[in-house]
Amino acid sequence: MDLRYRPMTPADLLALDDSFTTDTVFDVVSNPLGFALEPVPVDPPLVKVYPPDEDDLPTDGFVAVDDELRGFVSLEIVGWHRRLVLRQVTVAPSHRGRGIGRRLVELALDYGRANDARTAWLETSNVNVPAIRAYQRMGFALCGLDTTLYRGTPAEGEIALYLAKAL
């Protein structure tokens, strides 16, 4: 595989398929002092397709390309607390499992360190178990959740999970 990694440019077309399939989701169990994630099998497997978000196209980040775009990570650094926010990590379905997402995240983390970010942070959904497991393998840990973030959206009923990693 002859992939090149480079900074994202406005000309990059980011219309990659970011859907996923999972046979497990995380149920969020809460009590007065905290919460826990419990894996729950789903049969048939859940297929999640994200709606297009043309109002919020990323402008900063990195891409993986050969003859086509194979993956990207979009990011921003929030100045007041020096946080690197990974807004989206997407790898083309045909190229998943090859380390492309890991390399894109590594480039983003290096960018954050070079720009004095203290923490890397991201948000995903409790049903995106493949991504959660990948982020955990990369050293991210669960740091919070929001049971209300997706109300009134196509993701109604899902729970936002936040993961972070010290830089």
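The values are calculated or read from the model by the stated rules, or taken from the named source; none is laboratory data. Here the structure is a predicted model, which means the values were calculated and not measured. Reconstructed Cβ throughout: ideal geometry from the backbone, glycine too, with neighbour counts over all protein chains shown.
Picking from residues in region 8-29 that are in a strand (DSSP E or B) and either of a type in the set (D, E, K, R) or at pLDDT below 85 (or both), the one that is surrounded by the most Cβ atoms within 10 Å (Cβ to Cβ) is 23. In region 1-35, of all residues being among the aliphatic types (A, V, I, L, M) and within 20 Å of the chain's Cα centre (by Cα), the one that is nearest to residue 136 (Cα to Cα) corresponds to 25. Identify, please: which residue in region 78-88 is in contact (Cβ under 8 Å) with a residue 24 or more places away in the chain and out of contact with any Phe, Trp or Tyr (no Cβ under 8 Å at 6 or more places or on another chain) and is, among those, farthest from residue 4 (Cα to Cα)? Among those residues, the one meeting the criterion is 81.
Against the conditions (1) surrounded by 15 or more Cβ atoms within 10 Å (Cβ to Cβ); (2) modelled with pLDDT of 95 or more; (3) aliphatic (A, V, I, L, M), residue 166 satisfies every one except (1).
Within region 89-127, the residues that satisfy the criterion of being within 24 Å of residue 65 (Cα to Cα) and among the acidic types (Asp, Glu) are 106, 110. Looking only at residues of region 78-88 that are aliphatic (A, V, I, L, M) and modelled with pLDDT of 95 or more, we find that the one that is nearest to the chain's Cα centre (by Cα) is 86. Consider region 147-163 and keep the residues that are exposed (fewer than 13 other Cβ atoms within 10 Å of the Cβ) and hydroxyl-bearing (Ser, Thr, Tyr). The one that is modelled with the highest pLDDT is 148.
Only one of the numbered conditions (1) closer than 21 Å to residue 145 by Cα; (2) touching a helix residue (DSSP H, G or I) at 6+ places or on another chain (Cβ under 7 Å); (3) not acidic (Asp, Glu) is violated by residue 37, and that is (2).
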